[in-house]
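Q: What follows is a single structure, and I will ask about it in a moment.
The values are calculated or read from the model by the stated rules, or taken from the named source; none is laboratory data. For clarity, every value in this text was computed on a predicted model and none was experimentally measured. Quick reminder, even Gly has a Cβ in these numbers, built from the backbone with ideal geometry, and neighbours come from all protein chains shown. These area figures cover heavy atoms from the full protein model, side chains too; ligands, DNA and RNA do not enter into them. Shrake-Rupley method; radii C 1.70, N 1.55, O 1.52, S 1.80 Å.
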Amino acid sequence: MRNEKIEKPYVSPQADEEAAVLEDSGCSLVLFNDDVHTFDYVIKALMDICRHTEEQAEQCAILVHCHGKCTIKHGSYETLLPMHTALLDKQLTSEIQ
């Protein structure tokens with residue numbers, strides 16, 4: 001192997017900021033099943049709080065029912081925190097992971 005100097009590629013400050021934003025958006029909001037709330041209640045909450053379409057909300061409610069939990073939203077912690085709090089206010093069990 002020859003002894004050559006390997007130069008690191010130039011990375012602009014803007015690219016560093018964009019990478020930081022991508023890393024920050026790696027959180028998930030997970031909704032857990034319970035034996036208390038109806039499908040209609042959960043669907044309406046997902047539509048109101050997470051801005052899901054009716055079809056998205058129905059699919060998430062079915063997944064929560066069948067699998068015990070479902071990731072309902074991806075994003076940064078700061079974006080997901082108000083949704084998490086609103087779900088808790090409606091007595092739904094959620095967690096930011």
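Q: How many residues does segment 41-55 hold that are assigned to a loop (DSSP other than H, G, I, E, B) and either in contact (Cβ under 8 Å) with a residue 24 or more places away in the chain or small (G, A, S) (or both)?
A: Summing the residues that are assigned to a loop (DSSP other than H, G, I, E, B) and either in contact (Cβ under 8 Å) with a residue 24 or more places away in the chain or small (G, A, S) (or both) in segment 41-55 gives 1.
Q: Sort out which residues of segment 23-40 are over 20 Å from E58 (Cβ atoms) and either at pLDDT 95 or above or assigned to a loop (DSSP other than H, G, I, E, B) (or both), and write them in order of number.
A: S25, G26, C27, listed by residue number.
Q: To continue, here is another question. Report whether or not Y10 is open to solvent by 60 Å² or more (accessible area, probe 1.4 Å), among the hydroxyl-bearing types (S, T, Y) and either assigned to a strand (DSSP E or B) or modelled with pLDDT under 95 (or both).
A: Taking the combined requirement at face value, the residue satisfies it.
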